[in-house]
Every structure is written in C-alpha cells, then in structure tokens.
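Here the structure is laid out as structure tokens; the discussion comes afterwards.
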Amino acid sequence: MIAISAPRRARPFSGWVLACAALIAAPAALGAPSTPVAHKGAIASAYPLASQAGQEILAAGGNAFDAAVAVSAALAVVEPSSSGLGGGGFYLLHRQADAFETMVDAREKAPAAASRDMYLDKAGNAIDNASIAGSLASAIPGEPAAFEYLARKYGKLSLKQDLQPAIRLARDGFPLYARLQGGIRYKRQVLQRSPDAAKAFLTADGSVPEVGAVIKQPDLASTLEAIAAQGAQGFYGGRVAADLVAGVRADGGIWTLEDLAHYQVVERKPLVGEYHGARIVSASPPSSGGIAVLDALNILSGFDLQKFDSATRKHLVIESMRRAYRDRAIYLGDPDFVKMPLAQLASKDYAAGQRSSIRTDKAMPSNLLPGIESEPVGMQTTHFSVLDSAGNRVAATISVNLFFGTGYMAPKTGVLLNNTMDDFSTKPGRPNEFGLVGATANAIAPNKRSLSSMSPTFVETPKGVMIVGSPGGSFIISMVLVGTLNYLDGMNAADIVKYPHYHHQYLPDEVDYESGALTDAEIKELTAMGHTLKVSGRQWGNMQVITWDFASGKVEAASDPRGEGVGLVY
Ligand code: DON
C-alpha cells in the first residue's frame, strides 16, 4: 500500500507508514537497529572521481549530505553529459539521528515567459526539435540552489569545503574516458556550434579528443568558486547570472534575471509505501517515479510472485508497469500547479481494481486502457547513492535531460544548459524524447516544473536498507521497480545493478528488453500470452546501489557495469 506522508521527524522507524489514515505497525527492528552495529560509509556513483570527491568530504568530517553536494558538483565536472549546474534533480534524504526524511526538489522550472504552446507553430503543429535544441528548450536550473540548501540545512561542513574537490577537478582537469568520449562524439556537431562548449570538449580543430586527454574547464571552476563564496547567489545573481541570461537570450532563449533570482528548491514529502513488509520511500511529484513504483508494487502485492514460473512472474511485473505508466501519463504534473489524485493512486482498493484486470496467462493490450511511445535510452542523467557511517542516506538523481542538455554552454560560465522543457507535454498526445505523452496536468506553464521519471528510492526491511536509483528516462521507473523486487528476493548489490532490464511503459504496447533479459522459454511463453517483445539494440541505465545489512553492519556499494562508475565502501 502507499501513503503520502509528511517529512518525518519520528522515533526511528516507529512512524512507519500512514496509509489512508491507518497506522500500520512496524516490525520493531525495521530501519535503524536498536543496538547499532558499526558500519562503514559508502558511495556509488557513475564515475570514480565523483565517488572519490564524496569520500574526501566524508573523510574530512562531512556527513552524507555534504558528500551529496561534493558528488553532484564533481559529476557536473566529470560527467557533464548527464548532469550539471545547468540542470536539476531530486535529492531524497534520510537523517539517521531522528529518522527525518525529506525530498529536496531541485527540478528545473519553466521561465516566466514560457507558455503552453511555445513549441507549436501558428497552425498548432509541433516545431521540430524546438523543445530539445537551442536555449528555448532550457528551463531554469535547480542544482546550484540545492548545493547551498543541502550544505547549509543538513550538512556539517561549509558549502565552500564541499565544493573544493569539484573546483579542483574543473581547474586542473581530468583524463577523458571512453564513455564521455562516446557522448562527445555523438553530440560533436551540436557542441561545435557553441564556442565555449567546443573549447571545453573538442580539440582546436573541432575533433573529438583522445581518451586520456586532459579536460580542463576553467570557466566552470570560476562559477563553482562563485557559488562556494556566495552560495546560490553566486549563480542566480551577479556576474554569473548576467552571463547566463545574456548567453541564453543570444541563443534564442527567454530567461530573465528575475527567473534566476526567483528560483528556489522546494522540500517535499517523500512518498512512502509498504510492500510485503518492506518500507519503500521514493520521490514525490513532480517526479512520477515514486508514485509509479509504488502503484506497481501495490498491484503486485496481491500476487504471490514466488508461486509462479519465471515467465509468468515477468508477465505480472510487465502488467503492473503497463498500468502504472498509464496513470503517470494521465494524472501527474507539478504539485504546485495541478491537483493529483494521489490518495486514489495510493489506495489498496484502486490497486485491487487494477489487479482485477490482469490475467496470469494473457497480456492485456494497452489500447484497452488509454496511451504512449518510446525509444531505448542511454546514460544521460545520473544517479548516486550515499550512506555515511552514522546511517544518514542520500539517493539523488540529477540531470540536464538529454546528452549534454542542449549542448550549448553559456559563454564565460562553463555551464551547459539543460533541455528539460522537453519533459513537459508540449502538445497533448505528442510524445517527448522518451516516448512519453502527457495530459494537461503536465502542460507548460510559467514557472512550472516538468514531470520527471527520476526515482531516487530507499527500500527498507527489518533486515536492512537499499539506496537505489538510475538514469534512463522513462525506463528509470521500471528499473527501480525490478531492482526493488530483486533486493527483496535477497539479491546482492552487484547483482542488482547488473541485472538485465525489461520494460513496458503502457504505450507503445511492447516489452523492450536487453539481450539476455528473457530466456528463450520466457520469450516463447510471453509471446504466447500476447506480449509484443522487442529486443533493444543497446543496453540502458546506470544504476547505483548501496545496501546495508543491519545485523552484521555489512555495507555493499555497486555501480552498473554497463557504465564506468564505482561503488566504494570506506
Ligand atoms: O526527468 C526525467 O524524467 C528526464 N529528464 C530524465 C532523463 C534521463 O534519464 C536521460 N537518461 N537516459
């Protein structure tokens, strides 16, 4: 079952889940062990230098929240294709001392001059690429505001200390690695059109640098230094803000200094649910991730999955995805703008209704429900997980949306701009880059946040906890769902992150799967049930997982081997 709970300040884990106003008793040992067992801290992120930046801050006496700032800022430097100061995301926090949980919503916001039909021509037709290319596609970034907020409100060290590793990496440079080189190659022509981006990521003659070439970003170092010295004001005001607005407007965008000055992160209640004795804490709107993962788990909770053969188990998981993604498309948007039937989507009765339309032997065509379309996606966006030795946790998924966002770097700032405006429903029924369509709930409006699939999540049982999340656009939700089921089945962190993916997002009505995710027998059985199966040409996702076993104190950190990340336990 799912419940929407306030940020908690309760006795450790005694609060458990408030579901439809009913208090569910928690197993006594859930969450923090009553006799704490010494355990180590851990960080899993998409690139070793970012994990190390977090480690440095933990070693200097910082807590998980300081480390989250250090890792995010380092990722902005060493994985600029996936997240950065020009983007935003969600930070799910758990403070061990008082079991307080909250989500810092640092999602980008539409500029005040944005309007519902801004990507349509006079005839009402969508203008090709308008919501992904050029600065009109860029929303007002949230990540720099999160840095100050996290450090000031939850950290132990100063923002200045937390940002030092990233400043060093930007100023002194880091060696180019194969995956980033691949991203640069993929976006070369776009990067070349932005002189500052070309200077940072291409050679003087405009070609792609060799692996090992040192990538230095002095302008980004200066912007990080401005934030270190002045807090968020160093980005949203003064010289940097003026350069950002000038750069965006020269590139066809509509930002103003007021847009930047008015940006604020919002603390929101995480979504909390229960699945077979496990407590699931996940991102709330404007992320659709938490509600979709919990909705799918609610549906699955009525089945004894262990009783079924593997093909039927996967069939049931796919059917739960189909229904959860449908609800995402129809109901969800920015909670500051739209009323959402979260209590309904969270209720057991609603899930029972959804479950009743599932047959164990037959796929249900999505066109019998209302619809969506998709393409496999890579490793834009990034997730990292942190656990410190006190038990504080962070699950953070942050993004500039597509690879390198728009690929435009605002001159003199070192900041690559996001194209997160594409996460809005730019026209009813028109799929975005991830094939997701939306209804009016996710229509563009001034100062609104677009709906996201990013799903940073904690899964807690009486025995331990998993901190999990991944990039992957619309695929994030299905990966977090399957990762959760795998953890609850006893899988270890390394196996969870490498598990082959399968996915259904309601429309298109097909199951995408990585080669190896389904056995020949499963393919045969699922096809016979009526599923359309499509093997993906490439792998997707880049999951970062930490698990902590309460009884032994054992901590594992694992990074998806599809990427180049590392999970470190200290
Ligand atoms: O917020 C969202 O749902 C998207 N902007 C996330 C993009 C993403 O994960 C791209 N990764 N492959």
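Please treat every number below as a calculation from the coordinates, not as lab data. Since this is a predicted model, take the numbers as computed values, not measurements. Cβ sites come from the backbone with ideal geometry, for glycine too, and all protein chains shown count toward neighbours.
Just list whichever of LYS187/LYS448; LYS314/LYS339; LYS314/LYS348; LYS216/LYS412; LYS160/LYS187 have alpha carbons separated by over 24 Å in the model shown. The pairs that break the limit, which is 24 Å between Cα atoms, are LYS187/LYS448; LYS314/LYS339; LYS160/LYS187. Paramagnetic label reach from ALA242 (point 7 Å along Cα→Cβ; backbone nitrogen cut-off under 20 Å): within region 125-151, no residues.
When a/c reaches 1.5 or more, the comparison of a/b and b/c decides; with that in mind, is region 412-570 rounded, prolate or oblate per its Cα gyration tensor?
Working: a/c = 1.96, a/b = 1.20, b/c = 1.63.
Verdict is oblate for region 412-570.
Inter-label distance, ALA60 to LYS269: 3.7 nm, where each label sits 7 Å from its Cα along the C-beta direction. Would region 90-206 count as rounded, prolate or oblate if I go by the C-alpha gyration tensor, calling it rounded below 1.5 in a/c and otherwise prolate when a/b exceeds b/c, oblate otherwise? Taking the square roots of the gyration eigenvalues as a ≥ b ≥ c, region 90-206 is oblate. Cβ crowding within 10 Å, taken as a proxy for footprinting-reagent exposure, orders PHE201, PHE308, PHE403 from fewest neighbours to most as PHE308, PHE403, PHE201.
Lysines within cross-link reach of LYS463: Cα-Cα under 18 Å, excluding same-chain residues under 8 positions apart? Excluding near neighbours in sequence, the set is LYS40, LYS554. This model, with +1 at the C-beta of Lys and Arg and -1 at the C-beta of Asp and Glu, gives region 411-558 a dipole about its Cα centre of some 640 debye.
Here the simple spin-label model places points 7 Å from the Cα toward Cβ, and for GLN189 and LYS498 these points are separated by 3.8 nm. Sorting the segments 450-462, 320-332, 546-558 by their mean number of nearby beta carbons within 10 angstrom, highest to lowest, gives 450-462, 320-332, 546-558.
Length gain on complete extension for the stretch THR203 to ARG430, per 0.36 nm per residue less the alpha carbon to alpha carbon distance? Show your work: numbers first, answer last.
Numbers: separation 227, 0.36 × 227 = 81.72 nm, distance 3.79 nm.
So the chain would gain 77.9 nm between THR203 and ARG430.
One Cα centroid belongs to region 82-102, the other to region 209-256; the line between them spans 22 Å.
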